[in-house]
Every structure is written in C-alpha cells, then in structure tokens.
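K.L.:
Here it is, the structure in full.
The values are calculated or read from the model by the stated rules, or taken from the named source; none is laboratory data. Since the structure is predicted, the reported quantities are computational estimates derived from the model, not experimental observations. Positions of Cβ are generated from backbone atoms using ideal geometry, with glycine treated the same way; all protein chains shown enter the neighbour counts. Each accessible area value is taken on the protein alone, full model and side chains, heavy atoms only, with ligands, DNA and RNA left out. Shrake-Rupley method; radii C 1.70, N 1.55, O 1.52, S 1.80 Å.
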Amino acid sequence: STAPCRAVLHGTLRLIRTVGVIYQDAGSLGFLRGLEKRLRCDADLVAHPTAIGKTQRLPRQQTRQAWRFFSKKGVDAVVRFTDADRRPWSDVRRNELANVPSEVQSLWICAVAVNNMEDWLCLDPKYLALQLQLGESALANPQNRTGIIKRAIGQQGQNRERPSDVVERIVVSAPPSVFRTWLRDDSLRAFYVECRNAAKRAGCDTPNEVDDGGTSD
C-alpha cells in the first residue's frame, strides 16, 4: 500500500486521503478503481449521493450540490466521469467544468469517455474479448458492441464478482502494451495525464504508462 498523496491547496500542503467520485453506473466506478490502482493511489473513493451523477450531463445546481456533499465529507479532490455519446468529448468536458464553482476548479477532474466506458475497454478488442470470453468478431460492430460488452460483464458478475469488480479487474490486468494502446485515445489519454499531473503536483510517485510502459518519474 502506498502512502496517501500530498496536495497543495490554497498555498498549503496537505494529504490527499479521499477523492469524491461522480459517475453514471457501476462499470464506470470499476474503471475509476482500476485506474486508481494502476496509478498506485491509496486514497479512499467517496461516491456521490444517489440522485447525482446518473444523468449524462451534470447541471450547475447538481454540481454545486455535489460539492456541498463532498465538502462535508472532507474530500481533497473530485473526479467526474461521464460519456461523450457521440458528441465532441472536449466540448462535453468544457461544459461540465463550466458548472464547477470557481473556488474548487483546481480540485475537479472531468473524464469524458468516447463514446462510453465500454468503448474505452474495447480500445484493444483482442484483449477485451479474451477477458470477457467472447469471440473478437462479436466486438467488431460499433453499433451493437456496447450492449454485448454490458451483457458479458453482467454474466461474469454473476460468478461472485460485481460488474464494477469485473471492470476493475479488466483495467488492472491490462498488460502495459494494451494500456498504451488504450492511451492512444485522446479522451482517455487526457484523463490519465490530468490524473498524473495532479499526483505530481501533490508530490506522489506514480507510474507513467503513456510512453514508457510503467516507469515512475
């Protein structure tokens, strides 16, 4: 287990012990947990209130409500995870961040999957097909593969694993070469780099899988 990260907030140094997370479904939570482990982060994830995060877009009022909730929980950062669903992911990210209170912008990370979390998992179809015990051809059609992936995750989840655990395992188990293939996607790479930059500002030693396959810097 790694030590909690340190974060600079309003000019002072403090430990990052908890991260508030806002996501749409269990699979998205599993992806965040998997990425957290790949980054060797030891912070606790605090989930959003049930009524917040289920929608694809987070209105300003709900964003502020979420921050009030997380503030009471004493979180040190917030990660919002949503889908682009065929809209330009950078536009979605910009619109989401526009609703974040200015005083906490530096603590707020927004991840936008193109087009959804399942498509991120399928950035290396051969690897995902193996993990889900599917034929690779079943993932060839982008029009129906999201549903196929969801069903396969659910079926695996019946064997003492929750869907979020299945996704977490897929992310954690991805070999460095597979993960580097994933990181060719602009939206995932942007999220990963932002997480690493936040960790670096906090003095955390995290692996860099963008270029070198996992060495720390």
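K.L.:
State which residue is most open to solvent (accessible area, probe 1.4 Å) when the search covers only segment 202-217 and only residues that are more than 12 Å from Arg180 (Cα to Cα) and modelled with pLDDT of 75 or more.
P.N.:
Of all residues in segment 202-217, those more than 12 Å from Arg180 (Cα to Cα) come to 202-207, 215-217.
With the extra rule that they be modelled with pLDDT of 75 or more, the set shrinks to 205-207.
On the way: Asp205: 101, Thr206: 9, Pro207: 4 Å².
It comes out as Asp205.
K.L.:
If you go through segment 188-199 one residue at a time, do you hit one that is part of a helix (DSSP H, G or I), in contact with a helix residue (DSSP H, G or I) (Cβ under 8 Å, 6 or more places away or on another chain) and modelled with pLDDT under 95?
P.N.:
Taking every residue of segment 188-199 in turn, at least one turns out to be part of a helix (DSSP H, G or I), in contact with a helix residue (DSSP H, G or I) (Cβ under 8 Å, 6 or more places away or on another chain) and modelled with pLDDT under 95.
K.L.:
Can you name every residue in segment 16-35 that is of a type in the set (Gly, Ala, Ser), within 15 Å of Asp119 (Cα to Cα) and touching a Phe, Trp or Tyr at 6+ places or on another chain (Cβ under 8 Å)? Reasoning before the result, please.
P.N.:
Narrowing segment 16-35 to residues of a type in the set (Gly, Ala, Ser): 20, 26-28, 30, 34.
Filter once more, so that each one left must be within 15 Å of Asp119 (Cα to Cα): 27-28, 30.
Passing the criteria: only Ser28.
K.L.:
Then there's this: Determine which single condition Glu136 fails, assuming it passes every other condition in (1) touching a strand residue (DSSP E or B) at 6+ places or on another chain (Cβ under 8 Å); (2) open to solvent by 50 Å² or more (accessible area, probe 1.4 Å); (3) without any contact (Cβ under 8 Å) to a residue 24 or more places away in the chain.
P.N.:
Exception for Glu136: condition (1).
K.L.:
Then there's this: So which residues in segment 159-178 are farther than 15 Å from Leu32 by Cβ and either part of a loop (DSSP other than H, G, I, E, B) or touching a Gly at 6+ places or on another chain (Cβ under 9 Å) (or both)?
P.N.:
Let us first name the residues in segment 159-178 that are farther than 15 Å from Leu32 by Cβ, namely 159-161, 173, 175-178.
Those that are farther than 15 Å from Leu32 by Cβ and either part of a loop (DSSP other than H, G, I, E, B) or touching a Gly at 6+ places or on another chain (Cβ under 9 Å) (or both): Asn159, Arg160, Glu161, Ser173, Pro175, Pro176, Ser177.
K.L.:
Mind checking which pairs have a first residue in segment 84-111 that is under 13 Å from Leu58 (Cα atoms) and a second that is among the aliphatic types (A, V, I, L, M) and assigned to a strand (DSSP E or B), Cβ under 6 Å, 6 or more apart or different chains?
P.N.:
Matching pairs, first to second residue: Ala84/Val112; Val92/Val112; Arg93/Val112.
K.L.:
If I ask for residues that are closer than 14 Å to Cys41 by Cα and among the aliphatic types (A, V, I, L, M), which ones from segment 152-210 would you list?
P.N.:
Val172, Ala198, Ala199, Ala202
K.L.:
Moving on to the next point. What's the number of the only condition in (1) without any contact (Cβ under 8 Å) to a residue 60 or more places away in the chain; (2) of a type in the set (A, V, I, L, M, F, W, C); (3) open to solvent by less than 30 Å² (accessible area, probe 1.4 Å) that Trp182 fails to meet?
P.N.:
(1)
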